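The values are calculated or read from the model by the stated rules, or taken from the named source; none is laboratory data. What you see is a predicted model; the values in this text were computed from it and never measured. Cβ: placed from backbone, ideal geometry, glycine included. Neighbour counts: every protein chain shown. Please note that ligands, DNA and RNA were not included when accessible areas were found on the heavy atoms of the full protein model with its side chains. Shrake-Rupley method; radii C 1.70, N 1.55, O 1.52, S 1.80 Å.
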Amino acid sequence: CPKRQTQRSIEQDTRQRLMLDYDLIKENCSRAAVAIDSLWPTANTNLWLVKDLFSESILDKLEHYIQQTTESDWSKVAGQEHLPRHKITWQMDSVVEELHDVCNSLTLQLCQRFDRSLRFNGLQIWRDTEGYYFGEHTDDPKIDTSLQIYVFDAPSACGTTFFVGTGELTLGFFHNTGYLCTSHNLPHKTTTKVPPGAVRYSLYAHWCVD
């Protein structure tokens with residue numbers, strides 16, 4: 001029956017698309033480990049610069065995934081409900097799960113490097129749209145270590161500014177770069193409002209004390 005064969009073909013194709021790409025995960029676990037080994041220090045001992053954490057293959061896959069989402073897939077971020085920021089926290093059998101696995105794989109490495117006992121607390125895809133701006137603040141005390149990686153295109157001024165001692169340290173928005181912060185007490189803010197027509201995407205992973 002040609003019709004049944006077509007339906008079976010569609011079902012098989014759907015299952016194949018939903019399967020995780022374990023080779024891609026493995027490749028990015030190795031790549032991310034190298035990036036963490038190569039952290040760039042800053043004027044603050046709790047703040048490190050990160051570069052090229054993920055492969056372009058997995059980020060291309062993420063971009064395609066985002067293009068297929070609808071508004072119902074995104075939700076508000078707790079404590080920022082009044083701001084134009086939305087998140088995706090989990091999607092089984094998708095690139096979101098693959099990225100989750102990559103970030104989780106860094107847990108032991110972070111424990112050893114910073115001499116602390118950590119538990120991976122999850123990954124969020126953040127989407128900040130026109131007008132998003134979060135003024136000076138510190139993170140939730142439950143967060144011990146956080147990692148934010150900017151992805152795709154946005155004005156370089158849409159980065160993050162940290163208040164370090166009596167000065168400021170501004171990290172520009174550049175694709176596949178970001179920071180690792182090992183303290184929830186370091187004040188920071190969005191450097192500037194997201195301008196009209198721009199979208200500020202980033203990946204935000206965090207760990208708590210185990």
TODO: Within region 161-181, count every residue that is within 18 Å of V199 (Cβ to Cβ) and out of contact with any Phe, Trp or Tyr (no Cβ under 7 Å at 6 or more places or on another chain).
DONE: 1
Task: Subset of region 167-200 [assigned to a loop (DSSP other than H, G, I, E, B), open to solvent by less than 20 Å² (accessible area, probe 1.4 Å) and in contact with a Lys or Arg (Cβ under 9 Å, 6 or more places away or on another chain)] - done: F173, N176, T182, V194
TODO: Kindly indicate whether any position in region 28-41 is of a type in the set (S, T, N, Q), within 23 Å of F174 (Cβ to Cβ) and touching a residue at least 60 places away in the same chain (Cβ under 8 Å).
DONE: yes
Task: Hits in region 117-144 (condition: open to solvent by less than 10 Å² (accessible area, probe 1.4 Å) and touching a Lys or Arg at 6+ places or on another chain (Cβ under 8 Å)) - done: I125, D128, Y132
